[in-house]
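Any read-out appearing in this document is the output of simple, stated calculations on the displayed coordinates, not a laboratory observation. Note that the structure is a prediction, hence the values are computed from the model and not measured. We place every Cβ from the backbone using ideal geometry, glycine too, and count neighbours over all the protein chains shown.
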Amino acid sequence: MTSHDVKNPTRRGVLAAGGSLVVSFSLLSRAFGQEGEVQGTAPPAQPKPKLPGSLSGEPFLDAWIKIDAKGEVSVFTGKAELGQGVKTAIIQVAAEELEVDPGAIRLITADTDRTPDEGYTAGSQSMQNSGTAIRHAAAQMREILIAQAAAQWQVPPDQLRAENGTVVKRDGQTLDYGTLASAANLHVEATPQSRLKPTGSFKVMGQPMRRVDIPAKVTGTPIYVQDIRLPGMVHARVVRPPRPGATLTALDAAAVERLPGVIAVVRNGSFLAVVAEREFQAIRAMLLLESVAQWSEGRKLPKPENFIQSLKTLPSQDGVVSEKGQATGIPAAKTFEATFTRPYQIHGSIGPSCAVALFENGTTTVWSHTQGVYPDRSAISEMLGVPPEQVRVIHVEGSGCYGHNGADDAAADAALIAQAVPGRPVRLQWMREQEHAWEPYGPAMLTEVRASLDEAGRIVSWNYDLWSNTHTTRPGPAGSLVAANSLPTPFQPPAAKLSITPSGNGDRNAVPLYAIPNMRVIWHFLPEMPLRVSALRALGAYVNVFAIESTMDELAVMAGVDPVEFRLRHMEDPRGRAVIEAAAEGFGWSRDPLPEGRGRGFAFARYKNLAAYLAMALEIEVERETGRSRVVRVVAAIDSGEVVNPDGIRNQTEGGIIQAASWTLYEAVTFDESGITSVDWSSYPIMRFGAVPESVEVRIMDRPGEPFLGTGEAAQGPTPAAIGNAIRHATGKRLYDIPFRAERVKAAIGV
Amino acid sequence: MRVARILAGLAGLLLLGVGAFVAYAWRSEIGRVDPPAPSGFDPALVARGSELAAIGNCNVCHTAPEGEPFAGGLGIPTPFGTIFSTNITPDPETGIGRWSEEAFIRSMREGVDREGRHLYPAFPYDHFTLVTDEDNRALYAFLMTRKAVAATPPENQLPFPYNMRLLLAGWKALYFREGAFQPDAGRPAEWNRGRYLVEGISHCGACHTPRNRFGAEDRERHLAGAEVENWTAYAINADSPAPIPWNAESLTHYLRHGWHEHHGVSRGPMAPVTANLGSVPEADARAIAAYVADLMGGPSQERRARGETALAAVRRESEAPLTAQASATGNGIGATIYASACEGCHSGRRPLPFGGLNLHLSTAVNGPNPQNIINVVLFGLPAAKGEPSAMMPAYRSLLNEEQLVALLDYMRERFSDRPAWTDTRERVAATLHGERRITVYRMDGTTQAPPESSMRTTP
Amino acid sequence: MTVTLSVNGTTHRIDADPETPLLYVLRDNLELNGAKFGCGIGQCGSCTVMVDGEAVLSCITPVLLLEGRKVTTVEGLGTLEKPGPMQQAFIEEQAAQCGYCIPGMMMRAQVLLQADPAAGEAAIRAHLEPNLCRCGTHVRIVKAVMRAGELIRQNSQSGGGAT
Ligand code: FES
Ligand code: FES
């Protein structure tokens, strides 16, 4: 199995050249490895000098950027806007390198008919992959346009510059991009080297730019897939079985068919849905259909009592994530041992999953908030038994997804229903209970740590075992779609396979970034999935960082050293040290006593050990009588490499902190043997305004010229650890089991 | 509310000879002590005190909304003015940090503070007097080990003569019987335990027993139901209006979890009570339930039959396939509102506590007045703070007087075999217009100003 | 049945079953997008609209209760070209991630600010309690509402009048 100590990403070779930088990319296949979230996709064979970002998969410049004769610029990205602000950041990058006004760029996002295949918008890699590709494509296209102008004017290119959609000569004459683009050949492959603009000359990048999607979102302009209205569109609702594995045994749908507005009851094996003219008619019909459908027993869910502990007893395959130094015989002065757990947790989009599908002339078009239009197309076409060309998947924004939620399943549902009403667009939205019960959950996990200090208070050994399912069952294969599992000849979910990659999965961030001489990290991979699971923001990093950083605090206590100081003593990566210092400094970290019931907590991680660095400090208030905890204030410092849109990074990081705080304090899927019992916001509470911290401050490290580092999930791991550490500081008690609901905290505190 | 009538009675007492009265009423001060060190208390005693404090709901009155536990400051409005609860944290200056154990026990037993002043019976010493010295010592140990909070409650807003504490001695002479609990040797231990808790520290009667015109609990109508803070506390004796008769089993579940499938969820001022009882030893909840169930008595043949009928109706409704819902016409506006706004959750298809109760089972709909349903319909049941809980949306800004009255009439007619209420309109109007002020409780016992419009005034 | 209701200043005669929730009338009959479906059972607030100056969850409001009443949705606060103060404030504070919860937040906040444009942070938080956001945009939402209060106060001083 691979072991990896943390290598720095290969640095760009930087050569000064005439005011620009010639940047040669020799990034190896690392970026591919990061797509490791897609199960069953083996890392591709290592290519020669690799093109930057996603250009390696789609080298033609005009696949990314098109300029028409009128000079209109269209930029194409295979990535999707998920509320993370990626559209804005990509426009910024393209505008900067292309020297056009950001407002003049038309951005086309993920569409299997129009944009490059960039796999999934996941793992915080949009800027690393697509942003990088578009930046280089834009720079190369600018140089081609300048060369074209140079040819027309018969002057050397270095006497020309690009500016605001034109190329300008020293005497002030200009040629516009439209003219140049018509003359030049832009259907060329990218070269490994681009003349990128130096940081100092940026006009758009690095500046806060207002998100392009927000005005529409605050004015009710149709922008979500939920808002699509096509001529002749009808509304559908699905009826799910009471629990997975149950099959439809009997159905008398006559009463449903008689309801006003009902167009069709769709039954295909155990897949059941209803189509009506109006949305509320569809909902009513769904309720009636639910009450008349009869199902077989299906699979029993596991007993909820001690479920998490039972993970250790499930059959497992063991993978070595990291191994170094000695395994035994290490002299240890003090040892800390503990078990950390988290339950199943949901993505919990505020807007339930939705899709629109149209089956017409043999082609099925699906509008979906999927994270991956191409993989979703493969899955849907396989399910429908048609070649991929007969399915088109277009990304349209939905409610935030935070990973693999119900989006792909809803897309498949809509596609299947559309087959029954050819020529009519079908809009399908899940009900709240369906979203809560049928989205794939973030897997329950259990981890065990044993770490030792030497006499001098330095960590000498680290043993870490984690028990987890895979964290990705994303489509690609049809078997990963709920609808496809219900067909008369059901597609089976593909068997999960253990795969250890640099960016990790259940083992993401399982290896501490600290300097530790002897280490052993094992993933006890659980192929059997008692509940359906898939990628939830940060995958295993949420629990692994929680466990590692909780342990770091306990070790600091044992060593009698301040926790920030203790981390610094074990951190060799200068960028890691820098965020730790910045967060501590910004927070005003100190050992001064706090009022009773208050505590400080600190945590650090580099996401995936190869993306953004993030450290945070926070203060918590624990009400001793009830155990209710409230995060009072948070200061985080983040290093995302070169900054494209600082406000975008801030927005995502603030959100990540609040969301992870909600997971940590409140959230757990509940079930009994007969099914899921947490099916709404009443049975699955999340954070409400009353518990939101008074302030969340994000400091961004200035890293001009460094590669973009994925940001969107960087806060998820440190947050639970910082909260646990703060509760420990406030109460003297360590919490090991997420969520830290009031009852649990009170039980730890005692009277 | 509890104190309202109490105070009324006081005026008459002015007629008594003031001198003699003062001599009679006078209580001595008990000297200040240095606050005892928390570490000096036996942890087992503190733990026992914690359970007793939960059973006694000390936190409910002695904590202001969003305030620190036990730091006081909750205003209890009465027609005579407002009484503010005191700080019972061990803060030496503003709390009870300088109270000796003796002073604490005297306050529980006699209703007199450390300085010798009579306490208003809003502090239910008419019940607490039954608490044993041993339990009082545990309570003292618990309170003295809490977080000390410096907080002085606002001055009581009581006009003359109600602000004359000395007069409380007269009230006590008439209505207060001092003395620790005496078990009934002829009864089982659990029953005695239950009685000790219910009549003593739990002070159930403070809300569930109606009061006479002097504001004292009417012993003749023990636990016969009353109104508190514009919520109805139902009869928990033989007159219980619950459609399905309670028994010790269902009561235990309800008290510990805040809901029962045949009775619905606890809300209003009962929510903090069940939230507290969730943390006490099950045996104590069982004892309370056993005693109360005994007071209610075995259900009559007629009540049993009513219960069966209600359950049968629920079964019928939840098993029948949903038909195309009866459309607006015919049944009147109340029926239509019910079908469109209420039935979705209250059809009984989804189990409690997260699904709504089928109203055939509702004590509120079968109760003596519609106040509790008015409150819940208008102000809803907000989500608990970060814990799973039942929720219900508020219809405060949607339903007008006419519509709400029609809805209530419809519910009573459809889901109860009791006669129509007579005061529905008056109560609806007074609640809608804010003359009856309602505190909204979450299932976890915390309170919230009414949502929607009224929430605007939160400072 | 036909219901007459006024939405964003325009009177509509709607042909719908009286028990149809307002949410579907707004989205399906009137093709307005502001009110969003989140839960359909009054737990999340993403369907919040304003009815006669009060915040109302449109998913649990049968349209029959709205005869003759004034409904305002986020479309009634301004347009893309000319955003109203509440919208302007959310743009200035960049108070959205996915944005799905935002129209509901804005409508509930609008109710508060119409009653008290100087509402403080604590009041705003308490008032927004019924509305959920999963992206964790809360801190910005509170800032945006404070900012909207400022804009509304400035407007009314300069005689502009609040939306
Ligand atoms: S959709 Fe109306 S409250 Fe959730
Ligand atoms: S911004 Fe996405 S739910 Fe609030």
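Quick notes on this structure:
- Listed by chain and number, the lysines placed with their C-alpha closer than 27 angstrom to that of residue A:70 are A:79, A:87, A:169, A:197, A:203; residues fewer than eight positions away on the same chain are left out.
- HN-Hα J in Hz across segment A:520-530 - Karplus 6.51, -1.76, 1.60, θ = phi - 60°, x for Gly and Pro: 8, 10, 10, 9, 8, 6, 9, x, 7, 10, x
- Backbone N under 17 Å from the residue B:212 label point (7 Å along Cα→Cβ), restricted to segment B:163-182: B:168-178
- When the alpha carbon coordinates of segment A:344-390 are projected onto the principal axes, the ranges are 39, 19, 14 Å, largest first.
- Averaged over A:119-131, number of beta-carbon atoms from partner chains that fall within 10 Å: 0
- Angle of helix B:189-199 to the longest C-alpha principal axis of chain B, folded into 0 to 90 degrees and rounded to 10: 80°.
- For the protein assembly as shown, the share of DSSP beta bridges that are antiparallel, to the nearest 5, is 80%.
- Ordering of A:471-480, B:354-363 by packing is A:471-480, B:354-363, highest average first (other Cβ atoms within 10 Å, averaged per residue).
- Cα gyration tensor shape for chain A, rounded if a/c is under 1.5, else prolate or oblate: oblate
- Rounded FRET efficiency, nearest 0.05, which uses the C-beta distance separating residue B:150 from residue B:220 and R0 of 51 Å: 0.70
- For residue A:746, a cut-off of 24 angstrom between C-alpha atoms picks up these lysines, skipping any fewer than 8 places away in its own chain: A:733, B:147, B:385.
- Averaged over C:89-95, number of beta-carbon atoms from partner chains that fall within 10 Å: 5
- Helix B:101-110 vs. chain B, principal-axis angle (Cα, 0 to 90°, nearest 10): 60
- For segment A:595-751, the orientation-averaged shadow of the C-alpha convex hull comes to 10.6 nm² (one quarter of the hull surface).
- The mean sequence distance of close C-alpha pairs (under 8 Å, at least 6 residues apart), as a share of the length of segment B:141-245, puts its relative contact order at 13 percent.
- For the protein assembly as shown, adding -39500 (n - 2.57) for each run of n ≥ 4 DSSP H residues and dividing by the number of residues yields -9500 deg cm²/dmol at 222 nm.
- Angle in degrees between helix B:401-415 and the longest Cα principal axis of chain B, rounded to the nearest 10: 80
- Using θ = phi - 60° and Karplus 6.51 cos²θ - 1.76 cosθ + 1.60, couplings along segment A:457-467 (whole Hz; Gly, Pro as x): x, 9, 6, 9, 8, 8, 10, 9, 10, 10, 10
- Using R0 = 56 Å, the C-beta based FRET efficiency linking residue A:147 and residue A:233 works out to 0.70.
- Across segment C:80-88, rounded Karplus estimates of 3J(HN,Hα) from the backbone phi angles (6.51 cos²θ - 1.76 cosθ + 1.60, θ = phi - 60°) give 3, 6, 10, x, x, x, 5, 5, 4 Hz, Gly and Pro being marked x.
- Per-pair calculated FRET efficiency, R0 = 51 Å: residue B:82 and residue B:132 via Cβ, rounded to 0.05: 0.95
- Cα gyration tensor category, rounded, prolate or oblate, for the protein assembly as shown with a/c compared to 1.5: prolate
- Packing rank of A:122-129, A:595-602, B:240-247, where each peptide gets the mean count of other beta carbons within 10 Å, highest leading: A:122-129, B:240-247, A:595-602
- Working ranking of peptides A:563-571, A:305-313 by packing, defined as the average number of other Cβ atoms within 10 Å per residue, highest first, is A:563-571, A:305-313.
- For chain A, the antiparallel share of DSSP beta bridges with both residues in that region comes to about 75%.
- Cα pair distances in segment A:53-168, grouped into 10 Å bins until the bin that holds the longest one, percent each: 14, 47, 28, 9, 1
- Remark: mean inter-chain Cβ contacts per residue of B:376-388 equal 5, using a 10 Å Cβ-Cβ cutoff to other protein chain atoms.
- Cleavage-rule hits (trypsin sites (Lys or Arg not before Pro)) in segment A:261-309: DSSP loop, at most 14 neighbouring Cβ within 10 angstrom: A:299, A:300
- Look at the Cα gyration tensor of segment B:345-407: its axes a ≥ b ≥ c give a/c of at least 1.5 with a/b at or below b/c, and that counts as oblate.
- Extending 7 Å from the Cα toward the beta-carbon at both residue C:10 and residue B:249 defines two label points whose distance is 6.1 nm.
- Label point distance in nm, residue C:31-residue A:277, each placed 7 Å from Cα along Cα→Cβ: 1.7
- Length-normalised contact order for segment C:80-149 - Cα pairs under 8 Å, 6+ apart - percent: 51
- Remark: relative contact order (chain B) = 14 percent; criterion is Cα-Cα distance under 8 angstrom and separation of 6 or more residues.
- For residue A:333, residues with placed amide H under 5 Å, excluding near neighbours: A:453, A:454, A:455
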